[in-house]
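Chemist: Quick one: the structure is below, questions incoming.
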Amino acid sequence: MALLAALAWCGAADAADPAAGKQKARMCQVCHGLDGIARLPEAPNLAGESTVYLERQLKAFRAGERKSPQMSVVAQTLSDADIANLAAWYSSIEITAKMPE
């Protein structure tokens, strides 16, 4: 049973379309940036986050399990495909870190 669930999840992740997610992310860019780097101090960076994390959070906002004045409203408009595509877009952004000397 767990194997079937894992296979179903992998198939759904493969079906996600980062290009469609990029188009949908235009509504997110004011706070999170199209590049996934937050523009507002209270908004998290999304670039490079895992698809699992991003999908879980967006679905929690949509279901009302997680609360935010902005995200609770925005998430209500997202379909499962939109969420998968957004997660695929933001997770596909490569970020680098530079350690201080």
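Chemist: Looking at the structure I just gave you, is residue 42 part of a loop (DSSP other than H, G, I, E, B), touching a residue at least 24 places away in the same chain (Cβ under 8 Å) and open to solvent by 30 Å² or more (accessible area, probe 1.4 Å)?
Modeler: On the way: part of a loop (DSSP other than H, G, I, E, B): yes; touching a residue at least 24 places away in the same chain (Cβ under 8 Å): no; open to solvent by 30 Å² or more (accessible area, probe 1.4 Å): yes.
For residue 42, the condition - part of a loop (DSSP other than H, G, I, E, B), touching a residue at least 24 places away in the same chain (Cβ under 8 Å) and open to solvent by 30 Å² or more (accessible area, probe 1.4 Å) - is not met.
Chemist: Cβ-Cβ under 8 Å, sequence separation 6+ or interchain: first residue in the stretch 83-101 and more than 22 Å from residue 63 (Cβ to Cβ) and open to solvent by 30 Å² or more (accessible area, probe 1.4 Å), partner at pLDDT below 95 and polar (S, T, N, Q). Which pairs?
Modeler: Cβ pairs passing all conditions: none.
Chemist: Provide a single number: the residues in the stretch 1-28 that are modelled with pLDDT of 95 or more and open to solvent by 40 Å² or more (accessible area, probe 1.4 Å). Spell out the reasoning first.
Modeler: Taking the stretch 1-28 as the starting set, the residues that turn out to be modelled with pLDDT of 95 or more are 16-28.
Next, only the ones that are open to solvent by 40 Å² or more (accessible area, probe 1.4 Å) stay: 17-19, 22-24, 26-27.
Count: 8.
Chemist: Would you check if there is a residue in the stretch 73-81 being of a type in the set (Gly, Ala, Ser), crowded, with 17+ Cβ neighbours inside 10 Å and either in contact with an Asp or Glu (Cβ under 9 Å, 6 or more places away or on another chain) or not in a helix (DSSP H, G or I) (or both)? It would help to see each step written out before you state the result.
Modeler: Filtering the stretch 73-81 down to residues of a type in the set (Gly, Ala, Ser) leaves 75, 79, 81.
Adding the requirement that they be crowded, with 17+ Cβ neighbours inside 10 Å leaves 75.
When the remaining residues are screened for being either in contact with an Asp or Glu (Cβ under 9 Å, 6 or more places away or on another chain) or not in a helix (DSSP H, G or I) (or both), the result is none.
The answer is no, given that none of the residues of the stretch 73-81 is of a type in the set (Gly, Ala, Ser), crowded, with 17+ Cβ neighbours inside 10 Å and either in contact with an Asp or Glu (Cβ under 9 Å, 6 or more places away or on another chain) or not in a helix (DSSP H, G or I) (or both).
Chemist: Scan 57, 70 and give me the residue that is at pLDDT below 95 and in a helix (DSSP H, G or I).
Modeler: Working: 57 fails: at pLDDT below 95.
The match here is 70.
The values are calculated or read from the model by the stated rules, or taken from the named source; none is laboratory data. None of the values given here were measured: they were computed from a predicted structure. Virtual Cβ from ideal backbone geometry, glycine too; neighbours counted across all protein chains shown. Heads up: the accessible areas ignore ligands, DNA and RNA and are worked out on the full protein's heavy atoms, side chains in. Shrake-Rupley method; radii C 1.70, N 1.55, O 1.52, S 1.80 Å.
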